[in-house]
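For reference, the structure discussed in these notes is given below.
The values are calculated or read from the model by the stated rules, or taken from the named source; none is laboratory data. Just so it is clear, the structure is predicted and the values come from calculations on it, not from any experiment. Cβ placement follows ideal geometry from the backbone for every residue including glycine, while neighbour counts extend to all protein chains displayed. The protein model used for the area step is the full one, side chains on, heavy atoms only, and it has no ligands, DNA or RNA in it. Shrake-Rupley method; radii C 1.70, N 1.55, O 1.52, S 1.80 Å.
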Amino acid sequence: MTTEKYTQRDVKRPTTAEVVCFGSLMAMELLVIDEWPQRNFGGLFKEQRDSLGQDAAMIATMLRGWDIPSGLIGSALGKDYRGRWLAEHLKSSGVLGEVRFDSQLPTTLVVLISDAMGGRTYFWQPDKRVLATLDTADLSLLNGSRLLYVDWYDEDHILRPMDEAIKLNIPVFLNLEHLHEDPDILTRYAGRATICQAITDSAQRGDQSPLAVAQTLLDAGVKTALITLAGEGCLVVQEQNAIRVHAPSIQAIDSFGAGATFSAGFIYGYLQGWSLETMARFATATASIKCSRVGLEPPDLMESQTLAEQLQVDYL
């Protein structure tokens with residue numbers, strides 16, 4: 001296995017990451033369509049984008065776009081054109097870290113289709129060997145950081161960096177999505193997290209009480225529970241504070257990366273020392289703006305802040 005630096009040798013670039021994102025690296029091809037074709041017929045797509053995934057890589061690049069020193073500890077890439085493209089994309093984005101190539105492995109490809117109804121359908125061929133390379137990734141990038149981001153997608157491979165972060169007294173942000181329903185996962189994953197993001201939308205597991213889900217996370221040891229509600233905004237709960245932020249009325253054309261954008265927005269506010277309400281407003285506004293555009297370009301900070309101030313908020 002060979003290793004290359006993401007970042008170019010430039011003394012003006014940061015050398016320590018404020019946020020370290022840990023997770024699997026994948027090449028993603030996004031198609032945006034208006035409607036699905038009939039079986040055995042062709043169809044038109046409106047937009048096409050090459051992107052990177054999963055959420056850890058998305059968040060690291062978005063935060064770097066907002067001038068936050070961010071780093072990525074990722075899985076190995078294949079020595080193919082997709083792997084090279086991902087490495088160059090991370091380098092040009094200024095994300096700190098190392099990329100590892102393994103000639104025995106493919107670079108995982110995900111083909112994602114975003115439709116006019118807000119649905120996201122994807123096709124991929126995961127490889128457990130690629131995921132296993134997370135277990136040999138160097139964790140030294142964590143030294144001096146202020147937050148670790150991990151995702152349930154990467155299964156038990158996230159436990160090692162979470163435990164290392166705890167040892168270094170670094171807060172952990174966990175994206176758990178719908179797995180709050182699994183008691184074992186809840187104990188092992190959420191029990192190590194400081195901030196936890198989960199979902200209740202019907203596209204995943206059926207409607208549940210956001211407050212009940214938040215309380216489940218708090219009971220597991222999480223300090224701040226973030227419950228995303230798709231087009232209805234979010235609920236954030238911390239100690240005795242429960243805040244409901246309503247999403248703005250927008251025309252959604254591409255919901256790909258909305259959850260990652262919400263996470264990035266909340267993390268940005270966290271690093272600024274904002275209040276819980278301000279963080280929740282900003283995260284909701286940023287994710288909403290993202291859904292009105294194709295691809296993963298981070299919204300302008302001023303644009304997100306302006307929209308955030310206009311959102312309806314309820315204290316529960």
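Here are a few things to note about the model shown:
- In a fully extended conformation the segment linking residue 312 and residue 209 would gain 35.1 nm over its present Cα-Cα distance, using 0.36 nm per residue.
- With θ taken as phi - 60° and the Karplus curve 6.51 cos²θ - 1.76 cosθ + 1.60 applied, the whole-hertz 3J(HN,Hα) list for segment 79-84 is 7, 10, 5, 5, x, 5 Hz, x standing for glycine and proline.
- Dividing the mean sequence gap of close Cα pairs (under 8 Å, 6+ apart) by how many residues segment 215-315 holds gives a relative contact order of 28 percent.
- Potential lengthening of the chain between residue 124 and residue 303 amounts to 61.0 nm, from the contour at 0.36 nm per residue minus the alpha-carbon distance.
- Across the chain, the relative contact order, built from alpha-carbon pairs under 8 Å that are at least six residues apart, equals 16 percent.
- If you take the alpha carbon atoms of the chain and fit the smallest convex hull around them, that volume is 136 Å³ per residue.
- With Cα atoms defining each centre, segment 243-277 and segment 107-121 are spaced 21 Å apart in the structure.
- Of interest is the spacing of the C-alpha centroids, which for segment 172-189 and segment 133-167 amounts to 15 Å.
- Nonlocal Lys pairs with alpha-carbon distance under 25 Å, the chain (8 or more apart, or different chains): 9
- Efficiency of FRET from Cβ geometry, residue 91 and residue 116, R₀ 30 Å, rounded to 0.05: 0.30
- Adding -39500 (n - 2.57) for every DSSP H run of four residues or longer, then dividing by how many residues the chain holds, sets the calculated 222 nm ellipticity at -8500 deg cm²/dmol.
- Hull volume per residue, based on the alpha-carbon atoms of segment 31-121 and their convex hull, is 123 Å³.
- Annotation: amide H-H contacts under 5 Å for residue 242 (H modelled 1.01 Å from N, sequence separation of 5 or more, or interchain): 316.
- Note: segment 99-166, Cα convex hull, 133 Å³ per residue.
- Across segment 248-263, rounded Karplus estimates of 3J(HN,Hα) from the backbone phi angles (6.51 cos²θ - 1.76 cosθ + 1.60, θ = phi - 60°) give x, 7, 9, 9, 6, 10, 7, 8, 4, x, 5, x, 5, 5, 4, 4 Hz, Gly and Pro being marked x.
- Accessible area in square angstrom per residue, segment 1-159, 1.4 angstrom probe: 50
- Heavy-atom accessible area ranking, 1.4 Å probe, most first, across 151, 127: 127, 151
- A simple packing score, the average count of other Cβ atoms within 10 Å per residue, orders the peptides 94-104, 31-41 as 94-104, 31-41, with the highest score first.
- Angstrom value of the Kirkwood radius, inverse mean 1/r, which spans all Cα pairs in segment 227-309: 12.5
- Label-point gap, in nm, between residue 159 and residue 219 - each point 7 angstrom along Cα→Cβ: 2.3
- The alpha carbons of segment 86-216 give a radius of gyration and a Dmax of 16.9, 47 Å, in that order.
- Seen through its C-alpha gyration tensor, with square-root eigenvalues sorted a ≥ b ≥ c, segment 161-257 comes out prolate because a/c lies at 1.5 or above while a/b is bigger than b/c.
- Accessible surface of the chain, 1.4 Å probe: 48 percent of it comes from carbon and sulfur atoms.
- Solvent-accessible area per residue for segment 239-314 (1.4 angstrom probe, square angstrom): 41
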